[in-house]
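Quick notes on the structure that follows.
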Amino acid sequence: MPCLPNRRLSRRDLVIDDYHGTQVADPYRWLEDDTAPEVQQWIIDHHGDFESYISQFPLRAELKQRFTRLWRYAKASVPQLVDNHYYTWRSDGMQNQSVLYRSASPDHPGEPIFDPNPLSPDGTVAVNARAFSPKGRFFAYGLSSSGSDWQIIRVLDIHNKENLQDLIEHVKFSGITWLPDESGFFYTRFPDPQTTTMVAASALNPKVYLHILGKDQSEDALIYEDPEHPNYNFRFFSDDAHKWAFLSISYGTLRLNQLYYKPLADLDSPWHTISADFAGGYEVIGVLGDTAFIYTQKDAPFGKIVRINLSVAGGADFHTVLADQGEMLERVTIVNNQLLCISLHHASHHLSLYDLDGSLHKEIPLPSLGSVRDISAEPEGKEFYIQFSSFLCPDTILRYDFIDDTLKPWFEPVVDFPFDQYETVQEFYPSTDGTLIPLFVTRKKGLQKDGSHPTVLYGYGGYNSNRVPAFSVPVLAWLEKGGVHAEPCLRGGAEYGEAWHRAGMLESKQNTFDDFITAGEYLIREGYTSKGKLGIMGRSNGGLLSGACVTQRPDLFGAVIVWVPVLDMLRYHLFTSGRNWIGEYGCSEDPEQFAFLYKYSPLHNVRMNTVYPPTLVMTADTDDRVVPSQARKFTATILAADAGTNPIHIRVEKAAGHGQGKPIAKLIDEQTDLYSFFVANLI
């Protein structure tokens, strides 16, 4: 092990907040100011310390070479049928961003239509929002720079492959819905941000607008706003036939919304109500004629399908098509005038076809234990495409043909890896309160459970997000090093319905941490690994998870990665999108919620004179979703408190944001450093 550098400690200021009578120190408040020269110097110094540390390991170059070779395989998305043409996003494997192709036949890749790679020299401009016009003349797309949630919308004329002059700014998390005649589109935008600091005000007061092609954005017509509720979010969309307009109103990240509709041709008419409260979540599956099929969890914790007649003004009666089946119904699509349903069985996807009256038509077997990542289907189409993935199966496109009743590969990636030498098994272990938690373990076949194997335990546990089997290139390189990869399905997700989600949120969030800690204990008890060889990792809400677990059980882990994390649970809501997470976490401004937040907040539970395991905090200087100041403050805190000599570092990525749209080159560099840290400390 190379020698460790001297610890670089940070300035402590006397900052004390009063939370309902409890005095809470915040000595590193000054690290919240992203633009301050002293903060910028802090970033340079501490990231430099990490570079000095990780560059000492010869294995870093070896890992980067292997990652580059593994990533170098052709990729394709599910094809989308628009005006008798198939559109597919494709990459040769080393392009930073995928390229849009068009073909008259699904049997040929076709010609490139739009390539975002030349838009930035480092590949950090990515396409997010996207929508083809109804007749296929135009393609509207949102561009994000450096991983930001903010986008600009441009419009491509597909006929001549040139952009129109139209430019839409101040857009975040917006859909794009075209008018039937292709003369314009609806979108949601925020007020022009007046500051460059990461404050919540920049994500308030969204409004729905109609943009007419050829006009300046300042001329866009206001379609909907609600100034009395600045924290509401709006999603305006239409059915495939462009007959009906829908407006979904939500707040935060919980699956609760209001849903309204009206004729798209009569935008001045009043909205009709489908749901006027926030008592359940409602999603429009599709519309056939005037019958809308809707997915909802209202009075159905695992989800159900209902239908209503939109021609009945003022809201129609709900008729249940498919009742709650007792297993999570995750996604529904209309194809061949049937309902294609993706459900979860012990955190693995299952595919079923139902007739419109709710009767089961057939089950469609998937290739293995895995997940459906995407679907492309037309309501009356005679085929559909799915993107299938597992821990040991790269994203493969499968085509189902209703004529011959077959599900066959349409696009199969070729990856330089001996998949047949490895396996994924699913096991179940008891958490602290006895609840059985599913756990996926990917390992080499014939692995001996002698406690000798370096193991990475990855978790998330929140926001209804399910941990289904999914492919990851870096995991392959870890397996080749003799490692084990494990992922538990923690409470906070929705693997077992809304009750499973609520058992890991708000005052019950500790259940998520207990589930993760007991997963580590289970892996040790079963002989997969030992304390010194067990690493944990989580990103975003998962960064909160790994941050909480290292502060609660620093003795249990051999290495910890805390990635683009939420760590300051008393102040997270004051920045960018943080206010949207209050429904999931709670808010320190509420006395009762402050109590449980303060009890587990990683930043506030770092203990002085404690030996912490090797810890790497990872963030990005342009992350405008989970602000990087949380990672900086946590790093400064744990460095000051640590009583040992283990490496504790922060890695600050440039121009990468929260991770969305990250170019391949940056992914390789990031994953090289991440797994180099694990290899250096676990193997």
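Scan region 92-104 residue by residue and report those that are over 23 Å from the mean Cα position of the chain (by Cα) and open to solvent by 30 Å² or more (accessible area, probe 1.4 Å).
D92, Y101, R102, A104
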Discussion item. For region 321-335, check the following and say yes or no: at least one residue is among the hydroxyl-bearing types (S, T, Y), open to solvent by less than 70 Å² (accessible area, probe 1.4 Å) and in contact (Cβ under 8 Å) with a residue 12 or more places away in the chain.
Written reply: yes
Discussion item. If a residue must be open to solvent by less than 60 Å² (accessible area, probe 1.4 Å), under 21 Å from E521 (Cβ atoms) and of a type in the set (A, V, I, L, M, F, W, C), how many such residues does region 391-437 contain?
Written reply: 2
Worksheet, complete the sentence: Counting only residues that are hydroxyl-bearing (S, T, Y) and crowded, with 18+ Cβ neighbours inside 10 Å, region 153-184 contains a total of 2
Worksheet, complete the sentence: Selection from region 132-152 of residues open to solvent by 10 Å² or more (accessible area, probe 1.4 Å) and within 20 Å of the chain's Cα centre (by Cα) yields L143, S145, S146, S148, W150, Q151
Worksheet item: Going through region 334-348 one residue at a time, which ones are assigned to a strand (DSSP E or B) and farther than 12 Å from L288 by Cα?
Response: L340, C341, I342, S343, L344, H345, S348
Worksheet item: Could you list, in sequence order, the residues of region 33-44 that are assigned to a helix (DSSP H, G or I) and open to solvent by 30 Å² or more (accessible area, probe 1.4 Å)?
Response: P37, E38, Q40, Q41, I44
Practice prompt. Answer yes or no: is there a residue in region 15-30 that is within 20 Å of E670 (Cα to Cα) and assigned to a helix (DSSP H, G or I).
Written response: no
Discussion item. Take D13 and tell me if it is under 25 Å from M569 (Cβ atoms), out of contact with any Gly (no Cβ under 9 Å at 6 or more places or on another chain) and open to solvent by less than 70 Å² (accessible area, probe 1.4 Å).
Written reply: yes
Fill in: Any pair with Cβ under 9 angstrom, 6 or more apart, that starts in region 413-432 at a residue that is assigned to a strand (DSSP E or B) and ends at one that is among the basic types (K, R) and exposed (fewer than 15 other Cβ atoms within 10 Å of the Cβ)
Y422/K445; E423/K445; Y429/R525
Worksheet item: Is there any pair linking a residue in region 656-675 that is under 19 Å from S148 (Cβ atoms) to one that is assigned to a helix (DSSP H, G or I), with Cβ under 7 Å and at least six apart or on different chains, and which?
Response: A656/K666; I664/W71
Worksheet item: With respect to Y458, is the statement that it is crowded, with 17+ Cβ neighbours inside 10 Å, touching a residue at least 60 places away in the same chain (Cβ under 8 Å), at negative phi and in contact with a His (Cβ under 9 Å, 6 or more places away or on another chain) true?
Response: yes
Practice prompt. Go through (1) of a type in the set (G, A, S); (2) under 30 Å from G586 (Cβ atoms); (3) outside any strand (DSSP E or B) one by one and return the number of the condition G482 breaks.
Written response: (2)
Worksheet entry | Selection status of D166, farther than 28 Å from I582 by Cβ, among the acidic types (D, E), in contact (Cβ under 8 Å) with a residue 12 or more places away in the chain and out of contact with any helix residue (DSSP H, G or I) (no Cβ under 7 Å at 6 or more places or on another chain) | yes
Worksheet item: For region 512-530, does any single residue satisfy the condition of being among the basic types (K, R) and farther than 19 Å from S431 by Cα?
Response: no
Practice prompt. Using the structure shown, decide if Y400 is part of a strand (DSSP E or B), in contact (Cβ under 8 Å) with a residue 60 or more places away in the chain and more than 20 Å from the chain's Cα centre (by Cα).
Written response: no
Practice prompt. Quick one: D239 ticks every box in (1) over 22 Å from V284 (Cα atoms); (2) modelled with pLDDT of 95 or more; (3) of a type in the set (D, E) except a single one, so which number is it?
Written response: (1)
Response to the item:
So the helices (runs of 4 or more DSSP H) completely within region 521-621 holding 1 or more residues that are without any contact (Cβ under 8 Å) to a residue 40 or more places away in the chain are 541-552, 591-600
Worksheet item: How many of the residues in region 626-663 are open to solvent by 20 Å² or more (accessible area, probe 1.4 Å) and modelled with pLDDT under 90?
Response: 6
Response to the item:
If we ask which residues in region 474-502 are of a type in the set (A, V, I, L, M), buried (at least 23 other Cβ atoms within 10 Å of the Cβ) and either over 28 Å from G451 (Cβ atoms) or at pLDDT below 95 (or both), their number turns out to be 1
Fill in: Filter result for D122 (among the acidic types (D, E), open to solvent by 20 Å² or more (accessible area, probe 1.4 Å) and in contact with a helix residue (DSSP H, G or I) (Cβ under 8 Å, 6 or more places away or on another chain))
yes
Item to complete: Could you please let me know if G446 is more than 24 Å from E327 (Cα to Cα), small (G, A, S) and exposed (fewer than 12 other Cβ atoms within 10 Å of the Cβ)?
Response: yes
Worksheet item: Which one is surrounded by the most Cβ atoms within 10 Å (Cβ to Cβ), of the residues in region 52-91 that are free of Cβ contacts under 8 Å to residues at least 60 places away in the same chain and in a helix (DSSP H, G or I)?
Response: E62
Discussion item. For the structure I just gave you, tell me whether L476 is in a helix (DSSP H, G or I) and closer than 30 Å to T88 by Cα.
Written reply: yes
Worksheet entry | Residue satisfying all of: in region 535-589; open to solvent by 10 Å² or more (accessible area, probe 1.4 Å) and of a type in the set (D, E); nearest to E521 (Cα to Cα) among these | D555
Worksheet item: So which residues in region 371-380 are more than 18 Å from the chain's Cα centre (by Cα) and more than 12 Å from R399 (Cα to Cα), if there are any at all?
Response: E378, P379, E380
Worksheet entry | Condition broken by A595, with the remaining ones in (1) under 17 Å from P430 (Cα atoms); (2) over 23 Å from the mean Cα position of the chain (by Cα) satisfied | (1)
Discussion item. What pairs come out if I take residues in region 108-136 that are more than 15 Å from L81 (Cα to Cα) and touching a residue at least 60 places away in the same chain (Cβ under 8 Å) and pair them with residues that are of a type in the set (D, E, K, R) and open to solvent by less than 60 Å² (accessible area, probe 1.4 Å) whose C-beta lies under 9 Å away, six or more apart or interchain?
Written reply: D122/K666; G123/K662; G123/K666; T124/K662; T124/K666; A126/K662; N128/D149
Practice prompt. List every residue pair whose Cβ atoms sit under 7 Å apart, with the two residues 6 or more apart in sequence or on different chains, where the first one lies in region 474-489 and is over 15 Å from T672 (Cα atoms) and the second, anywhere, is acidic (D, E).
Written response: P488/D515; C489/E495
Practice prompt. Give the residues of region 207-236 that are at pLDDT 95 or above, open to solvent by less than 50 Å² (accessible area, probe 1.4 Å) and over 30 Å from S311 (Cβ atoms), sorted by residue number.
Written response: L213, Q217, D220
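The values are calculated or read from the model by the stated rules, or taken from the named source; none is laboratory data. Remember, it's a predicted structure, so these values are computed and weren't measured experimentally. Note that each Cβ is placed from the backbone with ideal geometry, even for glycine, and that neighbours are counted across all protein chains shown. The protein model used for the area step is the full one, side chains on, heavy atoms only, and it has no ligands, DNA or RNA in it. Shrake-Rupley method; radii C 1.70, N 1.55, O 1.52, S 1.80 Å.
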